[in-house]
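Just below is one structure, and these are the notes that go with it.
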Amino acid sequence: MTSQSLVYLVALPLFGSALLLLGGKRTNRWGHLFATAISASAFGVGLYQFSVMLGQPDSQRALTQKLFSWISVGTFQVDAGLMVDQLSICFVLLITGVGTLIHIYSIAYMSHDLDRRRFFAYLNFFIAAMLLLVLGDSYLNLYVGWEGVGLASYLLIGFWNQKPTYATAAKKAFVANRVGDMGLSLAIMIAFATLGTVSFAGVKEHAGQASTGALTAIGIMLLVAATGKSAQFPLQAWLGDAMAGPTPVSALIHAATMVTAGVYLITRSNFIFDAAPTAQLAVAIIGAITLLFGAVIGMAKDDIKKALAASTMSQIGYMVLGAGLGPAGYAFAIMHLLTHGFFKAGMFLGAGSVMHGMNDEVNMRRFGGLRKFMPITFATFGLGYLAIIGVPPFAGFYSKDKIIEVAFNAGGIKGITLGAAALLGAAITAFYMTRVVILTFAGNKRWDEKAHPHESPILMWAPMVLLAVGSVASGFLFTRGDALRNWLAPVVEPMPVHEAELMSPAVVSILALALVVVGVGLAIIKYFLSEVPVVAPTDVTVFTRAARRDLMQDDFNEAVFMRPGQAITRGLVKTDVAVIDGAVRAVARLARGSGNVLRTTQTGFVRSYAMWIFLGAVGLVAAIWMVTL
Amino acid sequence: MNAANYLYVSALLFTIGAIGVVVRRNAIVVFMCVELMLNASNLAFVTFARINGNLDGQVVAFFTMVVAACEVVVGLAIIVTIYRSRRSASVDDASLLKR
Amino acid sequence: MINLAINVGQTQTPEAVLFWILGPLAVIAALGMLLVKKAVHSAILLAWVMITLAIFYIAQDAVFLGIVQVVVYTGAVMMLFLFILMLVGVDSSDSLTETIRGLRPIAITAALGFGGMMVSLLGRATLGRTSVGLADVNAEGNVQALAALLFSKYVWAFEVVSALLITAALGAMVLAHNHRIISRPTQRDLSTARFRSGSLASAAGLPNPGVYALHNAVDVPGLLPDGTAATSSVSETLKARGDVIESKPFQLEAREEEE
């Protein structure tokens, strides 16, 4: 089915962004309101599309719109086309819905910033790019959006680029993303080379004819792309530094939407991964590693935003793990993505609210006892907390436990390993999130006399409340009658549920809850019942020290890639100077040397020139003399 | 006695003129040597006209004379100009056009 | 090898006499022109060479060219040379020492090679037919025949050459034109400058050359009151030419010795 209104989803925020950027100072006064209205109207268009889809039977729900013929080379045809199906619409609603809430929040949060208009322009641009990413009907169209969100992320991380460290963080994120983008472009090239098409429908149709090797290559390259964009191991190092951006950016881009693009990509390419078991296993393993990796880092961070960033990394690890489990896990990966979008965005906004009240302090050791001063922030943050650690009946319980369950049921040693990792991750999640909540809201106050903690204005807490409602209810709603699973079924084609499973849902839930209780208890003992030093203790184990340094990921990258790269570059520079420049210089020296020799004939004396002429005449006569001999 | 002897004289005069151009330093003498070379070639032309039995050689010699006259007029004017600014008629003194 | 002489054929005896007298003389005069120190002498020797050539032209049935040679070359061109020589200064004698290292030996070697090869070439040259002579073409007179050729076959070249001649005249005028940058000093200016100059010695003008009882000429320096010779009393041109008579004999003996 075609639809004529899909284009507005992308065009509206793009227009808003262009207007604010090109309009300049003239739009300063109303730019933020305009951008918010644009975002809300995009949400409205999304809801309209959703309602249209609801009115159709399952198989007819995908809406398409061809904009124009983009590339036409021989048999290779790519249209700039948009497609919204059951998977995309979830993202559209999440992006525009959460995006609009964060726009509203930012009106207050950024009210003192001189560059607020530019900030909103970038936000609108991000919305446009992200919608293009999820609406593209081919890998190439997706790629355009993929690069667009990378650019938006770069611009927003470095929004306060007057601070060199922030600018560096933006650059780091951009470079890490570039590695992933290379994977995506390689995947597209392989797809074109083997299948001759890059549209989702075309690849899906022809995937059966391709060899398993080619599909595995495409899958691995798509996984590389996903690890870059979604901060998965081994390209996760940028996410912690990305917290340099304003907090609403962290909430929208680096928690709720952009970083989940990798999960979207894998889920969207389910037909490739289902046909390439090796790539699928790699996805699951990467997810499992990252969920533990992020959780461990999260335990050691004192910066509230970095702790949340590590948590995001870990939760996306769950999603990737889910997506790597094949048809059984896609729906739960998406479900966790959506619930995570609610509670993590809510918690980030809560962190922003805390910072707003605490003079932009981010060190949790300098918080404490804030629940009395920020009751609404505490309540919404607390609901998000309960959701992420998986306490029933909050959202995380439904989505995360399902992923753990599916992991255990993947079969064999693989299932047990992945399941155990996911279960351990749940326990650690409970520990570090409890730590965050206790350090921030409970215990004694540890802040300076200068800080005057206060509740944030309504424009800030209203979005937090709405997101908290989502954190509470979304999981419950999604699982009523397997609503989301059935909704997504036409896209991801789930396997029929068979009952001969290793662990039943009840067993998994009980196990997970028990581990969560252990994690929470440990955190309470360590941070609530004992004194928390204001300065982080230094006499800690090697393990803690490593976790504080992001488990040595930066050190590894620098030692393995940066230093050898610099050495190679220096070598190349030397080669360039010695060999290439040397050759050029040698030619120049030759010319100059011969010129110097010839120059001696240029005495300036007319008579010597006459002599040369005369010698020429002599030569001529000699030549005649010899030929007539 | 045959007409070719004139050609030998012509060759000798031409050679002497060439040496003069190279060896002498006074611009006026250099010029005279150039004139000598032109005259030597004229003699050859006239001799050739006689040997060939037509007047084309003489016509060419005539034209050579006209061109030589032009050359003398312009060349001497240049010498006068140079002399006026440098107070010297030596071709070696005007040797700035080098390096 | 076919000797050119055979083909060209023998000429009249008087012409041979003429040639054997004037030919060596012309070559000797040319060599002299090369070797003498003074430009004026070179000019005179060149004039002699040219007259010789004019005679040769006439001897070879090129009457018109012979006359033109005398009129244009020895008349006009050589006059111009002498005129410029006077303008530039008759002191313009060369020192014959070579300043450009190695030029002279190279030049002489090259000239010997050139001359030798030319003579050798002429000796071997074959013109392929017998000498025709100009008796036929000059039947109605050399000038008429030449004119017929000049105004028919060579008329275009003739016009071009005439244009060249006019251009050259104009060019010479442009080159010789001396554009004054400052106004010409008046007599008053010159007089003021004399008195303003360093010493008053020049205020009264330069001393006159010597006027003596035994000798009275512009080429002898006058005597100053103390009896020494005033070198500034002789024209610079004469001094440059070396045409100055030693003034020693005219100087008064030192008074002190007499007393």
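The values are calculated or read from the model by the stated rules, or taken from the named source; none is laboratory data. These numbers come from a predicted model, not from an experiment. Here the Cβ is made from the backbone with ideal geometry for all residues, glycine too, and neighbour counts use every protein chain on show. We work out accessible area using only protein heavy atoms, side chains counted, and drop any ligands, DNA or RNA first. Shrake-Rupley method; radii C 1.70, N 1.55, O 1.52, S 1.80 Å.
Is it true that some residue in the range A:519-540 is at pLDDT below 85, part of a helix (DSSP H, G or I), surrounded by 15 or more Cβ atoms within 10 Å (Cβ to Cβ) and in the same structural domain as residue A:299 (by TED's automatic domain parsing)? Yes: one or more hits.
Among A:287, A:213, A:208, which is assigned by TED's automatic domain parsing to the domain that holds residue A:422 and either open to solvent by 10 Å² or more (accessible area, probe 1.4 Å) or in a helix (DSSP H, G or I) (or both)? Reasoning before the result, please.
Working: A:213 fails: assigned by TED's automatic domain parsing to the domain that holds residue A:422; A:208 fails: assigned by TED's automatic domain parsing to the domain that holds residue A:422.
After applying the criteria, what remains is A:287.
Of the residues that make up the range B:14-26, is at least one surrounded by 20 or more Cβ atoms within 10 Å (Cβ to Cβ), closer than 25 Å to residue C:60 by Cβ, under 13 Å from the mean Cα position of the chain (by Cα) and among the β-branched types (Val, Ile, Thr)? Within the range B:14-26 (the criterion being surrounded by 20 or more Cβ atoms within 10 Å (Cβ to Cβ), closer than 25 Å to residue C:60 by Cβ, under 13 Å from the mean Cα position of the chain (by Cα) and among the β-branched types (Val, Ile, Thr)), the answer is yes, since at least one residue qualifies. The residue of the range A:128-184 that is farthest from the chain's Cα centre (by Cα), among those that are open to solvent by 20 Å² or more (accessible area, probe 1.4 Å) and polar (S, T, N, Q), is A:162. In a residue-by-residue description of the range A:590-601, the property of being in a helix (DSSP H, G or I), among the β-branched types (Val, Ile, Thr), within 14 Å of chain B (Cβ to nearest Cβ) and closer than 30 Å to residue C:115 by Cα applies to no position. The listed residues are B:40, B:11, and the only one of them that is under 20 Å from residue C:66 (Cα atoms) and touching a Phe, Trp or Tyr at 6+ places or on another chain (Cβ under 8 Å) turns out to be B:40.
Tell me, please, whether a residue that is in a helix (DSSP H, G or I), in contact with a Leu (Cβ under 8 Å, 6 or more places away or on another chain) and of a type in the set (Ser, Thr, Tyr) can be found in the range C:93-112. Looking for residues that are in a helix (DSSP H, G or I), in contact with a Leu (Cβ under 8 Å, 6 or more places away or on another chain) and of a type in the set (Ser, Thr, Tyr), one finds none in the range C:93-112, hence no.
Look through A:278, A:260 and report the one residue that is within 30 Å of residue A:170 (Cβ to Cβ), touching a helix residue (DSSP H, G or I) at 6+ places or on another chain (Cβ under 9 Å), among the polar types (S, T, N, Q) and assigned to a helix (DSSP H, G or I).
Numbers: A:278 fails: within 30 Å of residue A:170 (Cβ to Cβ).
Answer to the selection: A:260.
Among the residues here, residue A:85 does not qualify as among the charged types (D, E, K, R), open to solvent by 40 Å² or more (accessible area, probe 1.4 Å), assigned by TED's automatic domain parsing to the domain that holds residue A:128 and touching a residue at least 40 places away in the same chain (Cβ under 8 Å).
Evaluate the range A:611-623: report whether one residue or more is part of a loop (DSSP other than H, G, I, E, B) and within 10 Å of chain B (Cβ to nearest Cβ).
Of the range A:611-623, the ones part of a loop (DSSP other than H, G, I, E, B) are none.
No, there is no match, as no residue in the range A:611-623 is part of a loop (DSSP other than H, G, I, E, B) and within 10 Å of chain B (Cβ to nearest Cβ).
When the range B:53-99 is limited to residues that are under 23 Å from residue C:38 (Cβ atoms) and within 15 Å of the chain's Cα centre (by Cα), the one that is farthest from the other protein chains (Cβ to nearest Cβ) turns out to be B:75.
Given the criterion without any contact (Cβ under 8 Å) to a residue 12 or more places away in the chain and either surrounded by fewer than 15 Cβ atoms within 10 Å (Cβ to Cβ) or at the interface with another protein chain (Cβ under 7 Å from one of its Cβ atoms) (or both), identify the matching residue among C:85, C:53, C:31.
On the way: C:85 fails: without any contact (Cβ under 8 Å) to a residue 12 or more places away in the chain; C:53 fails: without any contact (Cβ under 8 Å) to a residue 12 or more places away in the chain.
Result of the check over C:85, C:53, C:31: C:31.
The set of residues in the range A:1-20 that are over 19 Å from residue A:145 (Cα atoms) and surrounded by fewer than 24 Cβ atoms within 10 Å (Cβ to Cβ) comprises A:1, A:2, A:3, A:4, A:19.
Each row is one residue, and each column tells you yes or no for (1) surrounded by 10 or more Cβ atoms within 10 Å (Cβ to Cβ); (2) farther than 24 Å from residue B:64 by Cα.
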| residue | (1), (2) |
| --- | --- |
| C:167 | yes, no |
| C:171 | yes, no |
| C:181 | no, yes |
| C:186 | no, yes |
| C:192 | yes, yes |
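Which members of the range A:95-115 meet the condition of being in contact with a Gly (Cβ under 7 Å, 6 or more places away or on another chain) and either among the small types (Gly, Ala, Ser) or open to solvent by 10 Å² or more (accessible area, probe 1.4 Å) (or both)? A:109 - this is the single residue of the range A:95-115 that is in contact with a Gly (Cβ under 7 Å, 6 or more places away or on another chain) and either among the small types (Gly, Ala, Ser) or open to solvent by 10 Å² or more (accessible area, probe 1.4 Å) (or both).
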